[in-house]
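Engineer: Attaching a single structure in structure tokens format; questions to follow.
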Amino acid sequence: MKPRETPFPPDAMDRQVLESTLVESEVLEKIKMPEELLEYLTDNFEYGFVGKNDRKMHTPADADWNEAFLKEYYLQTTAELLNSKHGVCWDSVELERDWFLKHNYEFKTFYLGFKKEADNNLPTHTFLAYKFNDKWFWFEQSFAYHAGIHEYNDLLDLIKDVAMKHFDYAIRDRGAVAEDLKDLKYCEYEKPTPGCSAEEFVSNIFEKHAPIDLEDMPVAVV
């Protein structure tokens with residue numbers, strides 16, 4: 001399937017990005033609660049991305065999704081995401097980061113992936129967790145199977161639960177097998193550089209943070 005053209009040419013898209021930049025602060029300020037943010041993202045955004053060079057809208061339904069993702073994906077700014085209304089979890093987490101930071105929440109962002117010697121197409125996932133009233137909450141919009149705000153007593157339980165749900169998805173939909181669990185790693189990461197490619201996004205995380213095995217998690221994180 002040929003990727004769809006964006007509904008506007010590159011010059012118009014650039015103009016709309018500039019306009020989105022002007023309203024970005026207003027959008028983030030208008031949304032007051034995490035539940036409102038989740039509703040806003042659910043109602044307004046779809047899973048996919050706009051190619052950096054071809055400026056086409058790519059979605060998982062496209063036959064060349066994997067190839068296009070490696071070649072054309074770039075990490076959008078919040079303003080660009082507000083404009084395109086298409087992003088993957090990597091993009092959504094950065095909009096979420098901006099909102100939770102603006103509203104003074106304690107939060108962390110995490111990366112999940114299968115770190116294997118050979119190249120593989122097993123899925124990655126990024127997600128945000130925030131703390132409120134001595135509880136930790138998994139904020140999820142992009143992972144459709146588990147979209148919502150999920151409460152946990154501590155951060156360790158949250159990470160383990162998200163990791164296992166991600167692994168279940170990898171087995172069910174992406175061809176993973178039971179022995180791949182040993183290769184599933186996670187790490188906390190900070191705000192990445194907007195505009196980076198898929199390869200740069202992952203390599204920059206692992207250059208700054210050693211990936212952690214699930215079995216090496218601490219006893220508790222509160």
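Values in this text are rule-based calculations from the coordinates and carry no lab data. This one's a predicted model, so the numbers in the text were calculated from it and none came from an experiment. So basically every Cβ, Gly included, is an ideal-geometry build from the backbone, and we count neighbours across all protein chains shown.
Engineer: Under the rule of at least 5 residues apart or a separate chain, name every residue whose amide H is placed under 5 Å from the amide H of LYS56.
Structural biologist: GLY51
Engineer: Under the rule a/c < 1.5 gives rounded, and otherwise a/b versus b/c splits prolate from oblate, where does the stretch 74-168 land using the Cα gyration tensor?
Structural biologist: Values: a/c = 1.96, a/b = 1.06, b/c = 1.85.
Note, shape of the stretch 74-168 comes out oblate.
Engineer: Along the stretch 133-140, what does the Karplus equation 6.51 cos²θ - 1.76 cosθ + 1.60 (θ = phi - 60°) give for ³J(HN,Hα), rounded to whole Hz, x for Gly and Pro?
Structural biologist: Listing the rounded values in order: 6, 6, 10, 9, 10, 8, 9, 9 Hz.
Engineer: Which ³J(HN,Hα) values in Hz, rounded to whole numbers, follow from the phi angles of the stretch 157-165 under the Karplus curve 6.51 cos²θ - 1.76 cosθ + 1.60, where θ = phi - 60° and Gly and Pro get x?
Structural biologist: 4, 4, 4, 4, 5, 4, 4, 6, 5
Engineer: 5 Å is the cut-off here: which amide hydrogens, built 1.01 Å from N in the peptide plane, fall below it relative to CYS196, excluding neighbours closer than 5 in sequence?
Structural biologist: LEU75
Engineer: Still on this structure: In whole Å and largest first, what semi-axes does the C-alpha gyration tensor of the chain yield when each eigenvalue is scaled by 5 and square-rooted?
Structural biologist: Semi-axes from the Cα gyration tensor: 28, 23, 15 Å.
Engineer: What residues of the stretch 86-112 lie in the reach of a label at GLU26, counting those whose backbone N is under 19 Å from a point 7 Å from the Cα along Cα→Cβ?
Structural biologist: Hits in the stretch 86-112 for GLU26 at 19 Å: 99.
Engineer: Relative to the Cα centre, what is the charge dipole magnitude of the stretch 4-216, using +1 at the beta carbon of each Lys and Arg, -1 at the beta carbon of each Asp and Glu, and rounding to the nearest 20 debye? Working shown, then result.
Structural biologist: Details: 24 positive and 44 negative charges, 19 e Å.
Value, rounded to 20: 100 debye.
Engineer: Sticking with this one: Under 8 Å for C-alpha pairs, at least 6 residues apart: give me the relative contact order for the stretch 4-216, rounded to a whole percent.
Structural biologist: The value is 19 percent.
Engineer: Any chance you could check the Cα centroid distance between the stretch 67-83 and the stretch 161-214 for me, in angstrom?
Structural biologist: One Cα centre to the other: 18 Å.
Engineer: Something else: Taking only the Cα atoms of the stretch 149-222, how large is their convex hull per residue, in Å³?
Structural biologist: 138
Engineer: Under 5 Å between amide H atoms, partner at least 5 residues away or on a different chain: which partners does VAL88 have, H built in plane at 1.01 Å?
Structural biologist: GLY48
Engineer: Pairs LYS32/LYS102; LYS52/LYS102; LYS32/LYS160; LYS116/LYS182; LYS108/LYS191; LYS102/LYS131: which are spaced more than 18 Å apart, C-alpha to C-alpha?
Structural biologist: Checking Cα-Cα distances, LYS52/LYS102; LYS32/LYS160 exceed 18 Å.
Engineer: Also: For TYR145, TYR130, TYR105, what's the fewest-to-most ordering of other Cβ within 10 Å of each Cβ? Show your work: numbers first, answer last.
Structural biologist: Details: TYR145 11, TYR130 19, TYR105 15.
Least crowded to most crowded, the residues run TYR145, TYR105, TYR130.
Engineer: Turning to a different aspect of this structure: Once Lys and Arg get +1 and Asp and Glu get -1 on their Cβ, which of ILE171, GLN141, ASN53 lies farthest toward the positive end of the dipole of the chain?
Structural biologist: Projecting each Cα onto the dipole axis, the largest value belongs to ASN53.
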